[in-house]
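Remarks on the structure that follows.
The values are calculated or read from the model by the stated rules, or taken from the named source; none is laboratory data. No experiment lies behind these values; they were computed from the predicted model shown. Here the Cβ positions follow ideal geometry from the backbone for every residue, glycine too, while neighbour counts run over all protein chains shown.
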Ligand SMILES: *Cc1c(COP(=O)(O)O)cnc(C)c1O
């Protein structure tokens, strides 16, 4: 074990670029469409809209920007409650605060690690007039999107789907990023495909898409001079970066297949240890963005022990997203749970494993051996 020396660092998830990206970027240069208008933008919007089954798409500078505009479209303002997944990246929730709303965190379930629909129901029972829900498909695993959609419809709340991590994952054969009234994907560097940095708002509402496009380009009214009736943002994606996205879209299926192979190799390789892999519903197909393990209750090995050992071999792993209700910045916001804090428990026993699609089978076998050695 101790003789292993890896030549290169193994990443959790890093960009994987092919040659077509460069060609689309070159086209932008050759035609001088290097700013926030151009064919790459139009085509990328069409392609992602078509792929996810949304009639409209607005390409933006980040997933966070897309979430911000989604929160604005949902009409969230001062003091409005928004039910949010508790176990997620802060970018899911921060836009609620940008608009001076109050996130209320909904605990996870063990089945998918995502928002527990029963707990969401309980939250609506307490606050029936809540305007919006932001559900996340964590690590590319779909939440119980049908149940969550039904509950939102029943209470007349807007569903925002944060599919930043789950582009390409499906629930009952339907693409994630199409269950909400407003849906968000991210093209950040570590996601399943990238534009180096970027994101997209997806919706079936034409008016909403137009409004988002308007806000994202500084809310300029139609006038020869600069006329403003509303506060705008500089959130539009560049046509150059959209070119990277077009090239990446050609490889989304390949990236998904490679991610799944990684997940299945971990599942097989770790089967005799007291761990389980991040679970998913039989009627859903994750994009397997990140493979994670959960150490069985009562086992004395901690995720931190594994993380540190991997780090000694230049192998990156990472704790599970720390639940929002435990974040100092969100101290004081309400957290709704069934009693036992599931998100806290998963955080304490889980670990995200290197899931980079450039990791070879041989290197992954080494990762698996190192993990095994932690269990003595
Ligand atoms: C990455 C991510 C975002 C933010 O996307 P950016 O493009 O990085 O702004 C939002 N939510 C989740 C769950 C994410 O993983």
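The table below lists the values:
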| read-out | value |
| --- | --- |
| Residue match in region 330-343 (condition: crowded, with 22+ Cβ neighbours inside 10 Å and within 18 Å of residue 266 (Cα to Cα)) | no |
| Selection within region 155-198 - surrounded by fewer than 24 Cβ atoms within 10 Å (Cβ to Cβ) and within 8 Å of the ligand (Cβ to nearest atom) | 188, 190, 197 |
| Flag if residue 129 is more than 15 Å from the ligand (Cβ to nearest atom) and under 21 Å from residue 96 (Cβ atoms) | yes |
| Members of region 222-251 found to be under 18 Å from residue 69 (Cα atoms) and assigned to a loop (DSSP other than H, G, I, E, B), listed by number | 228, 229, 230, 231, 232, 233, 235, 237, 238 |
| Test: residue in region 212-228 that is within 13 Å of the ligand (Cβ to nearest atom), surrounded by 20 or more Cβ atoms within 10 Å (Cβ to Cβ) and at pLDDT 95 or above | no |
| Residue check for residue 9: surrounded by fewer than 23 Cβ atoms within 10 Å (Cβ to Cβ) and under 22 Å from residue 250 (Cβ atoms) | no |
| Residue match in region 296-304 (condition: crowded, with 16+ Cβ neighbours inside 10 Å, without any contact (Cβ under 8 Å) to a residue 60 or more places away in the chain and either under 23 Å from the mean Cα position of the chain (by Cα) or assigned to a loop (DSSP other than H, G, I, E, B) (or both)) | yes |
| Pick from region 61-80, criterion within 9 Å of the ligand (Cβ to nearest atom) and part of a helix (DSSP H, G or I), ranking: farthest from residue 198 (Cα to Cα) | 67 |
| Test for residue 53: is it closer than 15 Å to residue 167 by Cβ and touching a helix residue (DSSP H, G or I) at 6+ places or on another chain (Cβ under 7 Å) | no |
| Set 50, 124, 89: member being at pLDDT 95 or above and closer than 16 Å to residue 324 by Cβ | 89 |
| Residues of region 307-324 that turn out to be more than 16 Å from the ligand (Cβ to nearest atom) and part of a helix (DSSP H, G or I), as a count | 6 |
| Criterion (surrounded by 18 or more Cβ atoms within 10 Å (Cβ to Cβ), closer than 22 Å to residue 189 by Cα, in contact with a helix residue (DSSP H, G or I) (Cβ under 8 Å, 6 or more places away or on another chain) and in contact (Cβ under 8 Å) with a residue 60 or more places away in the chain) met by exactly one of 354, 323 | 354 |
| Residue in region 56-71 that is surrounded by fewer than 21 Cβ atoms within 10 Å (Cβ to Cβ), modelled with pLDDT of 95 or more and touching a helix residue (DSSP H, G or I) at 6+ places or on another chain (Cβ under 7 Å) present | yes |
| Members of region 81-122 found to be away from the ligand (no atom under 13 Å from the Cβ), in contact with a helix residue (DSSP H, G or I) (Cβ under 8 Å, 6 or more places away or on another chain) and part of a loop (DSSP other than H, G, I, E, B), listed by number | 99, 101, 107, 109, 110, 112, 116 |
